[in-house]
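S.K.: To start, I am sharing the structure in question, which I have written as structure tokens.
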């Protein structure tokens, strides 16, 4: 089965400033403030204006995990947020399925990658994973309910990877325009092969370890 080819039988949003009105008892009773009280009101309004500007200039609080710091940094620079991407690490008999990206693909051409793709508007990452596996491999999987196996965050993308060991259907290359080949690999067979990301070697090792532990 080694190297077996698959033939065609696929920030937390910044809270809005809340302008807290200072209540002056004299005003509440409908009495006109005298000159000293008017100066007090003017100073209070000026302080609120300065505080508002200081808040708007301050960086947004980090309300995300360390893995998301690239996303926070991009937002602070005014750069577009990294694209949300999901992928599956399919494991069978201690082999991992990889897809060879066609040479004309704009992202990581001529490299071995996991099946998956971008999260579309209105989707959760787990919903996107289910859709992508059906579109690319012709298989049906349950939406994952466990945390992802790994997460890779760069300035360009935020990739979540899930371990998948069960599916319905026969794996085929249902998206030949995107992948020109599918194949199963053991970890040792990845040496010398061009992978879409250097971290994939450790991700595959973790997936195989998890699969073996789960079968014991």
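The values are calculated or read from the model by the stated rules, or taken from the named source; none is laboratory data. Quick caveat, the model's predicted, so the values are computed rather than measured. Glycine gets a Cβ as well: all are built from the backbone with ideal geometry, and neighbour counts include every protein chain shown.
S.K.: Surrounded by 15 or more Cβ atoms within 10 Å (Cβ to Cβ) and outside any helix (DSSP H, G or I), is that true of residue 210? First the steps, then the outcome.
M.R.: Details: surrounded by 15 or more Cβ atoms within 10 Å (Cβ to Cβ): yes; outside any helix (DSSP H, G or I): no.
Spelling it out, it is not the case that residue 210 is surrounded by 15 or more Cβ atoms within 10 Å (Cβ to Cβ) and outside any helix (DSSP H, G or I).
S.K.: Hey, another quick one. If you scan region 136-156, which residues turn out to be assigned to a strand (DSSP E or B) and either at pLDDT below 95 or closer than 24 Å to residue 198 by Cβ (or both)?
M.R.: Scanning region 136-156 gives 150, 151, 152, 153.
S.K.: Next question. Inside region 77-104, can you point out the residues that are over 21 Å from the mean Cα position of the chain (by Cα) and either more than 30 Å from residue 214 (Cβ to Cβ) or part of a loop (DSSP other than H, G, I, E, B) (or both)? Even if it seems obvious, please write down each step before you answer.
M.R.: Within region 77-104, the first condition is being over 21 Å from the mean Cα position of the chain (by Cα), and the residues that meet it are 91-97, 100, 102-104.
Scanning region 77-104 gives 93, 94, 102, 103, 104.
S.K.: Which condition number does residue 205 fail, the rest of (1) touching a helix residue (DSSP H, G or I) at 6+ places or on another chain (Cβ under 7 Å); (2) surrounded by 14 or more Cβ atoms within 10 Å (Cβ to Cβ) being met?
M.R.: Only one criterion in (1) touching a helix residue (DSSP H, G or I) at 6+ places or on another chain (Cβ under 7 Å); (2) surrounded by 14 or more Cβ atoms within 10 Å (Cβ to Cβ) is unmet by residue 205, namely (2).
S.K.: Among the residues of region 147-157, is there at least one that is out of contact with any helix residue (DSSP H, G or I) (no Cβ under 9 Å at 6 or more places or on another chain) and crowded, with 20+ Cβ neighbours inside 10 Å?
M.R.: No; the residues of region 147-157 include none that is out of contact with any helix residue (DSSP H, G or I) (no Cβ under 9 Å at 6 or more places or on another chain) and crowded, with 20+ Cβ neighbours inside 10 Å.
S.K.: Could you list all residues from region 165-202 that are crowded, with 18+ Cβ neighbours inside 10 Å, more than 24 Å from the chain's Cα centre (by Cα) and not in a loop (DSSP other than H, G, I, E, B)?
M.R.: 182, 183, 184, 185
S.K.: What are the residue pairs meeting all of these: first residue in region 140-160, first residue more than 23 Å from residue 80 (Cβ to Cβ), second residue in a strand (DSSP E or B) and at pLDDT 95 or above, Cβ atoms under 7 Å, and 6 or more apart or on different chains?
M.R.: 140/168; 141/164; 144/162; 149/89; 149/161; 149/162; 149/163; 150/161
S.K.: Can residue 109 be described as in a loop (DSSP other than H, G, I, E, B) and crowded, with 18+ Cβ neighbours inside 10 Å? First the steps, then the outcome.
M.R.: On the way: in a loop (DSSP other than H, G, I, E, B): yes; crowded, with 18+ Cβ neighbours inside 10 Å: no.
When the stated conditions are applied, residue 109 does not pass them.
S.K.: Another question, if that's okay. Just to verify a result, which residue in region 72-92, among those that are at pLDDT below 95 and more than 21 Å from residue 125 (Cα to Cα), is surrounded by the fewest Cβ atoms within 10 Å (Cβ to Cβ)?
M.R.: Here the residue is 78.
S.K.: Could I ask something else about it? For region 129-141, does any single residue satisfy the condition of being under 17 Å from residue 111 (Cα atoms) and touching a strand residue (DSSP E or B) at 6+ places or on another chain (Cβ under 8 Å)?
M.R.: Within region 129-141 (the criterion being under 17 Å from residue 111 (Cα atoms) and touching a strand residue (DSSP E or B) at 6+ places or on another chain (Cβ under 8 Å)), the answer is yes, since at least one residue qualifies.
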